[in-house]
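Heads up: the structure comes next, in structure tokens.
Nothing in this text is a laboratory measurement; each read-out follows from the coordinates by a stated rule. Model, not experiment: these values are computed from the prediction. Note: ideal-geometry Cβ built from the backbone for every residue, glycine included; neighbour counts use all protein chains shown.
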Amino acid sequence: MTRSSRRVYDLAHSRAGDKGNTSNVSVIAYRPEDWDTLVAELTVDRVAEAFGHITRGPIRRYELPKLHALNFVIEGALGGGVTRSLAQDPHGKGLSSLMLTIELPVGLRAQQDGTRSARETAES
């Protein structure tokens, strides 16, 4: 990770669920101020790059602005689903951890004013 980037982990938490062979991964901002960064930088392309080794279908992103959350629906990510997969994590719960490792560029405003994420503030 470079000095001019942050991981999703610094700005949000994540939960994952499943429906058949489809994973559902939500990203919820810790602070409303981080919502715009998540919307601008946590794109389908960026998620596809991180999840490309496991997904066999399209990825769709849904924005939930009143909740300051994004929801990614990742098709073909669970090796056939819970009853068919030989994966150690057939429900895909660990995919939320993968989502949190994605690096996002830091916005110009954050670089200039030294804005810290909620996690950085809590850890200091």
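Computed quantities for the displayed model
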| read-out | value |
| --- | --- |
| 11 Å beta-carbon shell around R46, net charge (K/R +1, D/E -1) | -3 |
| For segment 55-70, 3J(HN,Hα) per residue [Karplus equation, 6.51 cos²θ - 1.76 cosθ + 1.60, θ = phi - 60°, Hz, x = Gly/Pro] | 8, 10, x, x, 10, 10, 10, 10, 9, 10, x, 5, 9, 6, 9, 10 |
| R7-R56 FRET efficiency (beta carbon distance; Förster radius 22 Å; 0.05 resolution) | 0.30 |
| Table column - 3J(HN,Hα) (Hz), segment 47-52, Karplus curve with 6.51, -1.76, 1.60, x for Gly and Pro | 5, 4, 5, 6, 9, x |
| Cα-projected label distance for R15 with E75, points at 7 Å along beta-carbon direction, nm | 2.5 |
